[in-house]
Amino acid sequence: MNSARGQSLGGGTAETTPVITSQPTHSIDLSPVDEILDRHGRGPEATIAILQAIQSRFHYLPQEALEYVCSKTGISAAQLTGVASFYTQFRHRPVGEHMIHVCRGTACHVKGADLIMDALVRHLRIPPGQDTDPEGRFTVQPVACLGCCTLAPVVQIDQATYGRLTPHSVPRILTDFLDRSSNGAVPRNWHFISPQAAEAEIRVGLGSCCQAQGSRRVYEQLQELTVRNRTPAVVKRVGCVGMCHQTPLVEIVPRRGTPRLYAKVRPEDVAGIFDSHFRPRNPIRRLRYHLARWLDALVGASEEAVDRHRIDVRDPPVCAFLGRQYRIAIEHGGETDPLDLDEYLRRDGFHASRRVWRDLSPQSVIEEIERSGLRGRGGAGFPTARKWRIAAAAASDIKYVICNGDEGDPGAFMDRMILESFPYRVIEGMLIAARAVGATHAVFYIRAEYPLAVERVREALRRCQERGILDGKSGGEYPVTFSVSEGAGAFVCGEETALLASVEGRRGMPRLRPPYPVESGLNGRPTVVNNVETLALVPWILRHGTERFAALGTPGSKGTKVFALAGKVQRGGLIEVPMGVTLHEIIEEIGGGALPGRTLKAVQVGGPSGGCVPASLFDTPVDYEALTATGAIMGSGGLVVLDDSDCMVDIARYFLRFTQDQSCGKCTLCRVGTRRMLDILDRICEGRGRPDDLTTLENLSRAVSAGSICGLGKTAPNPVLTTLRYFREEYEAHLQGRCPAGKCVALIHYRITDDCIGCTLCAQQCPVHAIPLTPYRKHEVHDELCTRCDTCLAACPAGAVIVESGGVEIRRAKVARGLGAGEAAAASPLR
Amino acid sequence: MIRLTIDGQSVEVPPGTTILKAAQKLGIDIPTLCYMDGLPCQTSCLVCLVKVRERNGRERFVPSCGTPVAPDMEVESETADVAAMRRTSLELLLSDHVGDCLAPCQFACPVHMNIPDMLRHIQSRQFDEAIVTIKEDIALPAVLGRVCPKPCEKGCRRGSADGAVAVCDLKRIVADWDLAREDFYVPTCEAASGRRVAVVGAGPTGLSAAYYLRRRGHAVTLFDRQVQPGGRLRDPNSSGNPAILPPEVLNREITAVLAVGIEFRGGARLEPPNVRGGVAVDSLRGEFDAVLVCIGEQNQRTWEALGLPSGPRGVAVERGTFRTVIPGVFAAGNAIRGRGLVVRGCADGKEAAFAIDRFLKEGEAKPWPEPFSVRIGKLAAEELDELHSLSLDAPREELRASVDSCDLDTAEVNAASVQAGRCLHCDCRALPGCRLRRYAERYGADPNRYKGERAVLRLQYKESHVLYEPGKCIVCGLCVAVTEAARLPLGLTFVGRGFDVRVGVPFQRSLEEALGKLAEQCVAVCPTGALSFRDGKTPASLPILRSG
């Protein structure tokens, strides 16, 4: 009902200020801690890894274990406490059996994540101020972003991800989860035929989002079918295809003939699709097969299913989705097995790095990158060659290259997808960077919320070592030592100086620059920190020539940019487009435009550091300078499309709440400034705004932006400033007590009109009993009980539930098919 | 060497020098809260922001404490833009600052006496210190201790619990004790200014004004129509009830006031010009550099006859400065208010003395500066308990008024100490050293501009001799840096993140254990009252830790 909505859980209360409490003195077995220390080391740099290992063993951080660590290592009590309380991943109290992570990413937010949170809390009967149900089965925790934006709203229960939820479906997913975890059979890995002998390849997208949509089960079924039928086909898991709006995707690529792409495949469709391509060899099986086909034909079920799901890459929407794209960073997306090193090598993998290390001087590598015009894809767009040149010039026997995989922007998941799908490509990019700057060490820093990315990168590194490409036991081709550091839940660690602090095992606090990391970075040594996407582009540039890269884009922004397109658009997904393409082209052509019956209002570019570009400026090209001129920034590449049902004040508040929550708390302007900005926005959204609030907000935003010491604080006001600039009238409406989009819960009211037919559906479904059950009579909503969950509006078949704000009708329930408004009225017993 | 300009002045410093240090070389005082020589730079408070223009023309705000100079850098420190940014940082810090700089009793008291300080002295039986504190603001404490209606006690937070602290009685006891001494307290006056002031009317206002003007170094002549000074304090129909205010007490107190070196001329009545035997405003103007009229209530016609501008209640003066339209002529007390409390007269006298002092020294009268203070306002019951837990748990007792004598016995001293110990010390223990308050005052910061939901007042580590008040912590990081630099086994650390980050001791150990021998140093580096000695003691300044 107010700002406390959804915040009772971790948003800004007890959990944010963890008190390092002493647990009851029941003694715990500390022997696993010794193992953990043996595995991760005893130096201060191992702090985060040690804490993560302790947490994964005990599910929280018992104080006894922490004290034990202090006694056995060189890590001070102060550092351990400081680090444990800085990162949100760490828990200081025992948790329930299962963890439910509710994504609070942008796409999830605009699609009702708060309502899902409310529904979970209600359904699990979690007491106010707590996060675990009374039986201790589930602990509910909000997370910044799970990176499955196209499936919004999303929750993750342990390792299972559920997407496209409604408050109504919450009980179902919990039951589903418990059912699955009780039969819990993990399928064996089937390998039946060598790729060379295969007549066809069956590709199943297994990125995090595809898995969330059930592609894992589709994959398992296909494997089972190939084994059972001895089909000469290879079922292959491939990285992200990018067409997240169509997942799960299955592509069948025969050695001869046309590939077929199937979209939104459900497990029950798998057999039909499989059968339409592969006929059994064994005569008995063939007979059985024909019999089954004939039976199916009689029923008519399976054929229909197959047709319904088949899409052709030449279909106009697919063409549009893929047509404008130009794939470099995500080249071969959906075709290759992320971990198949041979396949990577077959596709010219490690050619560029070999050339660079054998034939080119560091100087000429930098020159090539300079000619390509490559700029950092992490957001600020700093020329990559310039960064490398300074680091190359710095004198030091030890230098570092770090891959910044701490993609934390809600609404962005391209780095996750690249790490999951193309780990070798990023490794190659790092090898090239290492050559250019003379680095001896390469570090992957990946946020802990991306377990699949971490797993694949570790595995890819292992395979490279095994093959003698990287430095392993037998020595490697390249004299660069790789390691992986995991983040622990702090958005600010995407800022390079905070990232360095985190890799060193400290609290992720940014520091003032200069000195810049290229001069004094990790452990005081020259360090280049490059974004995942930047590094993924590098091998292509060196393989295909700088000219080809520089030919793409605008004078100031060369090459391509990967975007995560999500929000209120027909086709969301991961796309890579040449710079210079306009927002209009991305949203209308690739994304397919607005959802039916809606008009586009703006697109949020660049996440919490970016801004909202209004529809009137959709002809803005994708270009660092052009986007900055609108008040937004290129950012890391989140594009969340907003339509007339989105409240711009709420969007500004959403982003600010995110940055405010993620502020490290070091400098005053960010720590207190963003909080005070949020106070004002909360006030405005709750109808308690004061006449001078907009001026105060604007002035404070400018001060926070001008004075904060790191990028997080400097850019945090952007969403506020851009919405104030382009949508000031919405702010003013709120000051007058009206939310034009009908989004701000304190400013809207649900009402049932005389069209009510007394069917009681709304009353039955209302989760808080705000609508008394009055059969055959007009129903009424008790405003003070109503939580604005929208269930009644969705349930009403008669178009009788309306949402009002400031006395104006905003939305109305749809009249169910076959029940015209007139009939509804006639059917009403009140007439 | 690198050459740069700061506020238009050119300076040369070695490479690597910070802007802050370069400015110090020029004598430009940049405020800092989180910087301390000898400790690593924290760059957290952002009160030291300056605007720099670099060679490429780019302008930006940077923290001067951590930003190295660059060739041809142009730095602005004392400009309106920079002041506005510093003010914003300060206002944001204040918006999250849970504490009262000055206690509510101090605001309720018309003369704004530093009551908590007086009480601390009384509690520790240092009456000689207590009288110094009292006489900073009250010239007639023995008198007020008897006739004052005690507005201060109405402001006392303990009033809502088990009765306000007996502030007024305690003040009276100290004043009586002082007057009973042979060598009662006579403050040292500032060096002679060479300026002369005539104060007409020797009632509470006139006596107070004369006392504080003299302390500021001016030569003061106090006129009264009566032979003896005292005015309405001697008038049984006014405040001069001998049963309440014995003449003995009054006489001794007036002697102590005049002892600072005030010339008293009795039998000199203020008269219209050219009336024989009286003094006239005009002639006094000729003889003195300033004239303060504080005779009692008169009617409008009389004021006009005396040649003074009159308003509805008396002489017309400008609010705050007490000046009339006649240059160099001021009026205060009942002369401008008709009938007021004695304590109001005392306050007027002190404030008028300040305004006249400014007039004499700077050419323009200035109003008494309202002391800067963050104010919590109403406390919740648990918060009161928090404060209560550090004070003596004794009931309020009336202290005997020694009507006919100024002598005190030991029992009275002990009782006074106990009663003073009931004070909750709502004021800040770090008041003299608080840099946040100093700069907030300098930049005119408004603590209420960004007021948000107030955090709960908490006092932590109450068992220790050092207290931590999270509500006053600005998370500057200095105390953490001190313990880090010393590699203490436990030390302090930041706990939490973002807005809620605070300083804490690992594993819930005590502050004593955490700080070891560094307690004094940690209190000394704290720029606010977040870390303070429980007994209000000021830490000795430490050589390596000078403020930046």
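Just to confirm a number: summing +1 for Lys and Arg and -1 for Asp and Glu over residues other than B:E263 whose beta-carbon lies under 13 angstrom from that of B:E263, what do you get? Local charge sum for B:E263: +1. Nothing charged except the Cβ atoms of Lys and Arg (+1) and of Asp and Glu (-1): what's the magnitude of the dipole of segment B:180-270 about its Cα centre? Round to the nearest 20 debye. In total the dipole reaches around 360 debye. Taking every DSSP bridge with both residues inside the protein assembly as shown, close to 55 percent are antiparallel. Within straight-line reach of A:K387, meaning a Cα separation under 24 Å, sit the following lysines at least 8 residues removed in sequence or on another chain: A:K399, A:K558, A:K561, A:K714.
Computed over segment A:482-555, the alpha-carbon pair-distance distribution with 10 angstrom bins reads 17, 39, 23, 20, 1, each value a whole percent.
Net charge dipole, the protein assembly as shown: roughly 1880 debye, given to the nearest 20, about the Cα centre with Cβ charges of +1 for Lys and Arg and -1 for Asp and Glu. Convex hull volume of the Cα atoms of segment B:108-220, normalised per residue: 110 Å³. With both residues required to sit in segment A:362-550, DSSP beta bridges show an antiparallel share near 5%. When each of the peptides B:376-383, A:124-131 is scored by how many other beta carbons lie within 10 Å of its residues on average, the order from highest to lowest is A:124-131, B:376-383. A convex hull fitted to the Cα coordinates of segment A:325-409 yields 167 cubic angstrom per residue. From least to most packed, judged by other beta carbons within 10 angstrom and beginning with the fewest, A:C710, A:C145, A:C670 follow the order A:C710, A:C145, A:C670. Look at the stretch B:469-479: the mean tally of other chain Cβ atoms within 10 Å of its residues' Cβ atoms is 1.
Suppose a student asked you for the relative contact order of segment A:362-550, using Cα pairs under 8 Å spaced at least 6 residues apart; what percent would you report? Here the relative contact order equals 31 percent. Kindly flag which residue pairs out of B:K350/B:K472; B:K150/B:K350; B:K154/B:K366; A:K601/A:K743; B:K25/B:K537; A:K111/A:K814 have an alpha-carbon separation exceeding 21 Å in this structure. Long pairs (Cα-Cα over 21 Å): B:K350/B:K472; B:K154/B:K366; B:K25/B:K537. Report, as an integer, the average count of C-beta atoms from other chains found within 10 Å of each Cβ along A:500-510. Average per residue, whole number: 1.
Peptide A:693-704 has a mean shielding of 2, counted as Cβ atoms of other protein chains within 10 Å of each residue's Cβ. Panel order for A:L512, A:L80, A:L595, B:L222, by other beta carbons found within 10 Å of each beta carbon, from fewest to most: A:L595, A:L512, A:L80, B:L222. In this entry, segment A:565-735 is assigned a mean projected area of 9.5 nm², taken as a quarter of its C-alpha convex hull surface. Principal-axis analysis of the Cα atoms of chain B puts helix B:247-258 at an angle of about 60° to the longest axis. Remark: relative contact order (segment A:747-827) = 34 percent; criterion is Cα-Cα distance under 8 angstrom and separation of 6 or more residues.
Each eigenvalue of the Cα gyration tensor of segment A:747-827, multiplied by 5 and square-rooted, gives one semi-axis; in descending order these are 19, 15, 10 Å.
How big, in percent, is the set of alpha carbon pairs in segment B:435-548 lying more than 24 Å apart? In whole percent, the share of Cα-Cα pairs in segment B:435-548 beyond 24 Å is 25.
Sorting the Cα pairs of the protein assembly as shown by distance into bins of 20 Å, from 0 upward, gives 9, 30, 31, 18, 9, 2, 0, 0 percent per bin. Annotation: the residues A:L151, B:L490, sorted from fewest to most other C-beta atoms within 10 Å of their own C-beta, follow the order B:L490, A:L151. Shape descriptor for segment B:1-103: Rg over Rh equals 1.01 (Cα atoms; Rh from the Kirkwood inverse mean 1/r).
Diagonalising the gyration tensor over the Cα atoms of segment B:404-462 and scaling each eigenvalue by 5 before taking the square root yields semi-axes of 37, 17, 11 Å, largest first. For chain B, taking Cα atoms only, Rg and Dmax work out to 26.8, 84 Å respectively. Other residues whose C-beta falls under 9 angstrom from the C-beta of B:L424 contribute a net charge of +3, scoring Lys and Arg +1 and Asp and Glu -1. Our note on the geometry: Cα centres of segment B:352-372 and segment B:521-540, 32 Å apart. At 20 °C and 1.002 mPa s, what whole-number value in µm²/s does Stokes-Einstein give for the translational diffusion of segment A:664-764, with Rh from the Kirkwood sum over Cα pairs? The Stokes-Einstein estimate is 139 µm²/s.
Values in this text are rule-based calculations from the coordinates and carry no lab data. Here the structure is a predicted model, which is why all the values come from computation and not from measurement. Cβ coordinates were reconstructed from backbone atoms using ideal geometry, including for glycine residues, and neighbour counts include every protein chain displayed.
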